[in-house]
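To start, the structure itself, in structure tokens.
The values are calculated or read from the model by the stated rules, or taken from the named source; none is laboratory data. All values derive from a computational prediction rather than experimental measurement. Quick reminder, even Gly has a Cβ in these numbers, built from the backbone with ideal geometry, and neighbours come from all protein chains shown. Ligands, DNA and RNA are stripped out before the accessible areas are found, and what is left, the full protein with its side chains, is counted by its heavy atoms. Shrake-Rupley method; radii C 1.70, N 1.55, O 1.52, S 1.80 Å.
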Amino acid sequence: MKTRSVALANHQAQETTSLTQCLRVERKDGTVVGVNMTSRSFNYLGETYSAREGVSPAAIESQADGAVQNTEVNGFLSEDFATEEEIVGGLWDNAFVTLFELNYRDLSMGHMSLMSGWLGDVSAGRTMFNAELRSLGQALQQQLGDVYQPMCRAKLGDSMCKVDVESMRVTSTLTAVSTRRTFTDSARSEASDWFGAGVFRVLAGAYTGMEMEVHAFEAGVYTLALPLPFDPTVGMAYSVIPGCRKRHERGGLFPAGISDCRDKFNNVINFQGEPPSMFPGNNRILGLGSLVGQQS
């Protein structure tokens with residue numbers, strides 16, 4: 001049930017109205033962006049809602065069984081709203097969004113909330129963007145609790161892992177650039193994959209503070225998981241922390257690999273998974289271990 005003032009309800013019941021939908025977006029960097037679907041801008045509750053005819057939400061889909069409400073927001077890219085660089089750089093990822101309706105000719109009537117939630121998948125083309133809007137009910141469909149798995153559930157450096165990863169952070173500058181995704185720091189002498197799955201942070205320019213996961217690292221060459229939204233340059237300052245592939249030991253799923261927990265971080269005591277040597281598996285539980293051994 002949507003709550004609204006009596007004045008707004010009466011206005012909505014009229015044949016001719018001056019209603020508009022407003023979109024309030026709070027990005028992950030704290031920036032609040034407000035737009036409305038008319039040709040005029042106005043201030044509401046201390047925030048500016050700019051005229052943005054090129055931005056429009058699709059029809060809101062709602063079901064009586066409590067399923068997650070889903071809709072989409074699409075529009076034109078622009079410097080004063082959303083740019084391709086901002087979207088690719090992750091500033092709009094998981095932004096909190098409120099969609100509401102009001103009478104733009106009489107703001108004293110208040111508003112009626114239509115939907116609140118977070119942006120899901122956000123994509124950008126040459127001139128347009130498209131963003132999935134997921135309602136607050138999405139949180140109720142998230143899996144809670146731990147699941148048995150051979151890989152570690154912790155994030156490197158968090159309260160479960162307890163590795164002081166910040167003490168391993170390296171700050172340096174780039175010495176060569178191949179693409180937005182691949183570049184080199186010839187001063188790096190760390191072992192191959194030392195920074196693999198780590199986090200690369202930009203320390204210069206308009207994108208200072210932006211981070212991207214490292215896909216691979218070898219002989220001073222970084223390959224990121226995704227390209228940066230700008231062209232990095234030789235001499236650009238950056239920092240990076242080593243990554244963890246979440247492997248506990250050699251053997252099993254990783255017969256030729258290394259143990260991140262044991263060999264890289266000496267942190268087996270805080271491993272948050274169930275490697276094969278600790279977890280028996282279905283064959284052993286069902287008493288089939290001997291049969292499998294005879295057949296092999």
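When Trp118 is tested against the conditions (1) within 19 Å of the chain's Cα centre (by Cα); (2) farther than 30 Å from Asp80 by Cβ, the lone failure is (2).
Of everything in the range 1-37, what is charged (D, E, K, R), surrounded by 14 or more Cβ atoms within 10 Å (Cβ to Cβ) and under 15 Å from Asn94 (Cα atoms)? Give them in sequence order.
Hits for the range 1-37 are Arg24, Glu26, Arg27.
For the residues Asn103, Asn94, the requirement of being modelled with pLDDT of 75 or more and either β-branched (Val, Ile, Thr) or within 30 Å of Ile241 (Cβ to Cβ) (or both) singles out Asn94.
Scanning the range 243-260 for residues that are under 11 Å from Leu156 (Cα atoms) and either modelled with pLDDT of 85 or more or open to solvent by 20 Å² or more (accessible area, probe 1.4 Å) (or both) yields Gly243, Cys244, Arg245, Lys246. What residue, of Val240, Val234, is modelled with pLDDT of 85 or more and part of a strand (DSSP E or B)? Testing whether each residue is modelled with pLDDT of 85 or more and part of a strand (DSSP E or B) leaves just Val240.
Is it the case, given these coordinates, that Arg24 is basic (Lys, Arg) and at pLDDT 80 or above? In short, yes.
When every residue of the range 77-89 is checked against the conditions, none turns out to be in contact (Cβ under 8 Å) with a residue 40 or more places away in the chain, in contact with a Phe, Trp or Tyr (Cβ under 7 Å, 6 or more places away or on another chain), open to solvent by less than 60 Å² (accessible area, probe 1.4 Å) and assigned to a strand (DSSP E or B).
The condition (being open to solvent by 70 Å² or more (accessible area, probe 1.4 Å), farther than 24 Å from Glu26 by Cβ and among the β-branched types (Val, Ile, Thr)) is satisfied by just one residue among Thr127, Thr173, Thr184, Thr223: Thr127. Of all the listed residues (Ser113, Ser135), the sole one being open to solvent by 40 Å² or more (accessible area, probe 1.4 Å), in contact with a strand residue (DSSP E or B) (Cβ under 9 Å, 6 or more places away or on another chain), under 30 Å from Phe76 (Cα atoms) and of a type in the set (Gly, Ala, Ser) is Ser113.
Go through Asp158, Asp193, Asp185 for me and flag whichever is charged (D, E, K, R) and touching a Ser or Thr at 6+ places or on another chain (Cβ under 7 Å).
Details: Asp158 fails: touching a Ser or Thr at 6+ places or on another chain (Cβ under 7 Å); Asp193 fails: touching a Ser or Thr at 6+ places or on another chain (Cβ under 7 Å).
On inspection, the qualifying residue turns out to be Asp185.
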